[in-house]
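Heads up: the structure comes next, in structure tokens.
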Ligand SMILES: Cc1cc2nc3c(=O)[nH]c(=O)nc-3n(C[C@H](O)[C@H](O)[C@H](O)COP(=O)(O)O)c2cc1C
């Protein structure tokens, strides 16, 4: 099994979402011996925000692209190749301002390309990244899986929708939640790891 780990926390080894991701990966490796892990750290190696050059390049057929446009699609092509090569994705998500980090949004923006990762059909859009399992490892200061703040989780509904749009419909969300709340913080990561059956 090839696992692609996406890191989007800038907190290095202190990151709860990365620790949760690591716990899930350890479980996957125990269940599937010989698994390999490719790490894409979006905090250290971010994709650029979408600029005019990217959009022009994406909408120009490959054979007609200028050298600048060929350069502009490079990040996107690499990110798509990484995801296509993986069997399983483990996406670490620090909960920032009720949603996902900009680096993760940028990764998704560059992954979403008509004719490559999704296409329009007479029956509507169809995702083309299929046959992969996704674990989303979310870390949040507060509690969003239940209770009064649940409606303000704009991270996991968005990710489920967006990943599904690309064809990634088999998504398990694990949470290290309440990391800023004294009564939850000591057990938050382990609880998230324990919630995942691989
Ligand atoms: C910029 C920023 C925004 C945050 N926004 C929220 C938030 O809206 N709700 C929340 O519960 N926690 C919020 N937090 C707390 C983080 O979700 C928490 O520290 C989490 O562990 C971050 O993930 P990481 O440990 O993987 O970096 C925020 C933290 C930062 C740095």
>> Quick check on the chain: of the DSSP beta bridges with both residues there, what percent are antiparallel, nearest 5%?
In response: 15 percent
>> Could you list 133, 14 so that the one with the fewest beta carbons within 10 Å of its beta carbon is first and the one with the most is last?
In response: 14, 133
> Rounded to the nearest 0.05, what FRET efficiency do residue 185 and residue 60 have when you use their Cβ-Cβ distance and R0 = 35 Å?
Replying inline: 0.10
> Fewest to most neighbouring Cβ within 10 Å: what's the order for 112, 130?
Replying inline: 130, 112
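Every read-out reported here was derived from the displayed coordinates using simple, explicitly stated rules and does not represent laboratory data. Quantities reported herein were computed from a predicted structural model and do not represent experimental measurements. Reconstructed Cβ throughout: ideal geometry from the backbone, glycine too, with neighbour counts over all protein chains shown.
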